[in-house]
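Note sheet for the following structure.
The values are calculated or read from the model by the stated rules, or taken from the named source; none is laboratory data. Because the structure is a prediction, the values reported are computed rather than measured. Cβ placement follows ideal geometry from the backbone for every residue including glycine, while neighbour counts extend to all protein chains displayed. What goes into the accessible areas is simple: the full protein's heavy atoms, side chains included, and nothing from ligands, DNA or RNA. Shrake-Rupley method; radii C 1.70, N 1.55, O 1.52, S 1.80 Å.
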Amino acid sequence: MIEAPVPDDQRGARLDRFVAGLAGVGSRTTAERLLTAGRVLVDGEVRHKSFRVLPGMTVAVDADAVAAPVELVHDQDVPFRIAYEDDALLVVDKPAGVVVHPAPGRTDGTLVHGLLAEGIAGGDDTDRPGIVHRLDRDTSGLLVVAKSEQVHAALGRSMRARAITREYAALVHGRPAARAGRIEAAIGRDRGKGRMAVDGSAPRQAVTHFQIAELLPTTTLLDVTLGTGRTHQIRVHLEAIGHPVVGDPSYCPVSMERYGLRRQFLHACRLTLPHPVTGEELEVSSDLPDDLVAALDRARRA
């Protein structure tokens, strides 16, 4: 455990910036990851990254959770499809089962390893160059990746300004009461269960929009759009309103075998953003992969 008393000259500093400056942490991205995981305590309590520290407080960081820098090895055989590419960026269609970037317990075979030959770059962390946003391992679909520091910064600004639209196809159990809706509920870590929850610790505000695309006998196909981008956000929010994603091993109690699935029915199907160089709107789409097409056919015949 790294323990650091807050000195007088750090009065009012944001917690994420204070943690990033600690020896053994070293970057804002690593600090944010630790904070999101609940691995940082202020006087024994989990706090949000924007919490302002004061002299006399003690900040404790779980040293075991601070991953050592990963040496990225080129030319690893990682499956993915390039849906769009130009000199500034890539839009990648990620298959289910692929982790986006290295993390504790997974140091190779990630999407980043497969993309190194494509010239990705940008961002504070050397083990996730170019990465602007992520998808869960078993969620398939589109994500944008930068090829330079300038483009990475521009995409980050667009993401924070909610100028990048991320749309998903999700098959859920049951039928929502309304054809369209907005879910607004803070999400935090469900301590002890290894997942997220609307009543979790250190919650962060989250907004999800949905509308019905197709009504099926016992399930519903939804078009889902992120208003924010929290860990497991769509999965947590849909479970919270009583309509968990079909096949979700963490948030759905119903067996996925009925639909022939080995993962959650969640696919990032459309990405729309202002191009960071030209300013023109860029829209990229991705069809449902074969396993979800087959599951949807089963759901229609249920």
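Taking a straight line from the alpha carbon of LYS147, these lysines sit under 24 Å away, with near neighbours fewer than eight places off in the same chain left out: LYS94. Placing a label point 7 Å from the Cα of ALA103 along the Cα-to-Cβ direction, the residues of the range 162-191 whose backbone N falls under 14 Å from that point are 189-190. The alpha-carbon atoms of the range 161-302 define a convex hull whose volume equals 120 cubic angstrom per residue. Measuring nothing but protein heavy atoms, the accessible surface of the chain at 1.4 Å probe radius is 46 percent carbon and sulfur. Among ALA178, ALA146, ALA202, the residue with the largest mean-square fluctuation in a Gaussian network model of the chain, with springs joining Cα atoms closer than 10 Å, is ALA178.
Ellipsoid semi-axes for the chain, based on the Cα gyration tensor and the rule √(5λ), read 33, 24, 18 Å when sorted largest first. Applying a DSSP loop filter and a limit of 16 other Cβ atoms within 10 Å to the trypsin sites (Lys or Arg not before Pro) in the range 215-286 leaves ARG262. Roughly how many whole Å is it from the C-alpha centroid of the range 136-189 to that of the range 280-302? Value for the Cα centre distance between the two parts: 17 Å.
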